[in-house]
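Worksheet: one structure, shown below.
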Amino acid sequence: MSDPLIIFDTTLRDGEQSPGASMTLEEKIRIARMLEKMRVDVIEAGFPIASPGDFEAVRAVASAVKDSVVCGLARANLADIDRAAEAVAPANAARIHVFIATSPIHMRDKLRMPPDEVLAAATAAVKRARHHTDNVEFSPEDAGRSERDFLCRVLEAAIRAGAGTINIPDTVGYTMPAQFGNLIQELRERVPGADKVVWSAHCHDDLGVAVANSLAAVTAGARQVECTINGLGERAGNASLEEIVMAVRTRRDFFHCDTRIETRHIVAASRLVSTITGFAVQPNKAIVGANAFAHEAGIHQDGVIKSRETYEIMRAQDVGWDANRMVLGKHSGRNAFATRLRELGVEFEDDGELNEAFARFKELADKKHEIFDEDLQALVSEADHREDERLQLLSMQVQSSTEGAPLAKVTVTVNGERRSREASGNGQVDAVFRAIADIAGCESSLQLYSVNAITGGTDAQGEVTVRLERGGRIVNGHGADTDIVIASARAYLNAVNKLLSAPRRHPQTGGAI
Ligand code: KIV
Ligand code: ZN
């Protein structure tokens, strides 16, 4: 018999804190539905006090999800906790996750609180959260760099106050796997009441060991792991859900525990998160990278043909690589379109919304022979982004010649009012960006421009990500189209619209995101 290992997914919270990875409410619901379909145990849906939009998104996820626990993050103060409780209230099963930093550097330089005040705040916070729900998680932020005796005192107080899950974050990704395993082991041995709670690991990947640290924690008795799809997250990211789940499943003989994750949805979840955030998955990424199950070298191919186990330790189909993907085309009807989108977690509010989406699908099907799930996801995301944007692309013309600089004429509506500008640039994309920047009157610096083909083939949609920075705030914009210059214009506009919107608060640093 193996122990259950709880999978706590924080793609929608820690993943979204990654600069430029912000998602719309509809996108969060789509990801949450996918996580639920995968049978993730706990979905951390956001940080409700960050902004009214974050609050609404957590509330919407709490209303949409039925089978997973929905969790809201709160700092150790009453306002945060009450707001988180209100946001997760519609959930069938809700959790409040309270955190406060316990390392000397964080207490002194960030919180400016002496250790005894931190201990008192942690206790009061857990009690307040328990006033709202029985399901309370406590995290000592930067536990990896905290003094052990003090950490033990804080955790003992949190357990006495009613926390049922104690999560140990390696916030800055500093700890090495053997150390992290020892830390979990020592805390489980030393903290009074340790046997009454679930121990959890939350590891960041700054030194590339987030998954190794999480697995070391599991070996030392942790029975919850906090992770994200594709390892999305701050800086180098969080521990990757797919790697942890498949490591534990493939090496059940070693870990003696297992998750309840339906692994055949893993690839679809990875693609969904990558399409929504614009963060591409590297081809050699374990489990979900395009090459993860490809056998290039002749000797490997020969071995795999004779006996798969010679070089493969997992089956590609077990993580959803060759899951049946329905292909739609220009002859597909409204019903087939709506059914497939429903299966992908997209619900339409009314017939009008469905008809609009179907019209966009038909436009795409005129340009592209086969429409895959990824195309549908991109189509829906495009519409989500455009809905509330102040600046919207109306039309554009671009010219290139061997004789002179490329020229672009772009027409955009700004709060419904039409504005056109012409600009030249080093290339067509540069010219388009200059024209849009001129219309928007929004100074920013371009930090990243990337183009990815959403699917294979020369008629594939190009998916463009643009990262802009202004006054320390970083945003990512995404756009998709079969024409990559149009996709670039949409991505740039999406980023500018984000820069013009109200910033949200980062839960840990307090900065604007
Ligand atoms: O990395 C971290 O410390 C966190 C906490 C809020 C759990 O994300
Ligand atoms: Zn984190």
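A few points about this structure:
- Within the stretch 491-513, the set of residues being under 25 Å from E374 (Cβ atoms) and either surrounded by fewer than 21 Cβ atoms within 10 Å (Cβ to Cβ) or within 16 Å of ligand 1 (Cβ to nearest atom) (or both) comprises N497, K498.
- Qualifying residues in the stretch 238-267 (those that are small (G, A, S) and crowded, with 24+ Cβ neighbours inside 10 Å) - the one farthest from ligand 1 (Cβ to nearest atom): S240
- Once the stretch 374-404 is narrowed to residues that are more than 30 Å from the chain's Cα centre (by Cα) and surrounded by 15 or more Cβ atoms within 10 Å (Cβ to Cβ), the residue that is farthest from Y492 (Cα to Cα) is V398.
- Qualifying positions in the stretch 176-207 - over 24 Å from N135 (Cα atoms) and within 13 Å of ligand 2 (Cβ to nearest atom): H204, D205, D206
- Within the stretch 463-506, tally of residues that are in a strand (DSSP E or B) and under 21 Å from V412 (Cα atoms): 13
- All positions within the stretch 2-21 that are of a type in the set (V, I, T) and either under 13 Å from the mean Cα position of the chain (by Cα) or within 17 Å of I49 (Cα to Cα) (or both): T10, T11
- Breaking point among (1) away from ligand 1 (no atom under 16 Å from the Cβ); (2) under 18 Å from the mean Cα position of the chain (by Cα); (3) exposed (fewer than 15 other Cβ atoms within 10 Å of the Cβ), for R235: (1)
- Meets criteria (assigned to a helix (DSSP H, G or I), surrounded by 21 or more Cβ atoms within 10 Å (Cβ to Cβ), within 13 Å of ligand 1 (Cβ to nearest atom) and small (G, A, S)) for S214: yes
- Of the numbered criteria (1) closer than 15 Å to V126 by Cα; (2) polar (S, T, N, Q); (3) more than 16 Å from ligand 1 (Cβ to nearest atom), the one Q185 fails is (1).
- For the stretch 205-212, the criterion of being farther than 19 Å from S68 by Cα, modelled with pLDDT of 95 or more and acidic (D, E) is met by at least one residue.
- Subset of the stretch 1-10 that is in contact (Cβ under 8 Å) with a residue 60 or more places away in the chain and of a type in the set (A, V, I, L, M) - its residue that is farthest from ligand 2 (Cβ to nearest atom): L5
- Pairs linking a residue in the stretch 11-22 that is farther than 15 Å from R467 by Cα to a residue that is within 10 Å of ligand 2 (Cβ to nearest atom) and not charged (D, E, K, R), with Cβ atoms under 6 Å and 6 or more positions apart or on different chains, are T11/T228; R13/L73; D14/G233; D14/N238; G15/T228; G15/G233.
- Among the conditions (1) in contact (Cβ under 8 Å) with a residue 60 or more places away in the chain; (2) over 16 Å from W321 (Cα atoms), A222 misses just one, which is (1).
Here is a yes/no grid of residues against (1) within 16 Å of ligand 1 (Cβ to nearest atom); (2) among the aliphatic types (A, V, I, L, M); (3) not assigned by TED's automatic domain parsing to the domain that holds L446:
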site: D9; (1), (2), (3): yes, no, yes
site: G15; (1), (2), (3): yes, no, yes
site: M38; (1), (2), (3): no, yes, yes
site: S51; (1), (2), (3): no, no, yes
site: A60; (1), (2), (3): no, yes, yes
site: S68; (1), (2), (3): no, no, yes
site: R75; (1), (2), (3): yes, no, yes
site: D80; (1), (2), (3): yes, no, yes
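- Of all the numbered requirements in (1) within 16 Å of ligand 2 (Cβ to nearest atom); (2) in a helix (DSSP H, G or I), T509 misses one, and that requirement is (2).
- Considering (1) under 30 Å from D14 (Cβ atoms); (2) out of contact with any Ser or Thr (no Cβ under 8 Å at 6 or more places or on another chain), the lone condition that E356 does not fulfil carries the number (1).
The values are calculated or read from the model by the stated rules, or taken from the named source; none is laboratory data. Fair warning: this is a prediction, and the values are worked out from it, not measured in the lab. In this analysis, Cβ positions are derived from the backbone assuming ideal geometry, glycine residues included, and neighbour counts consider all displayed protein chains.
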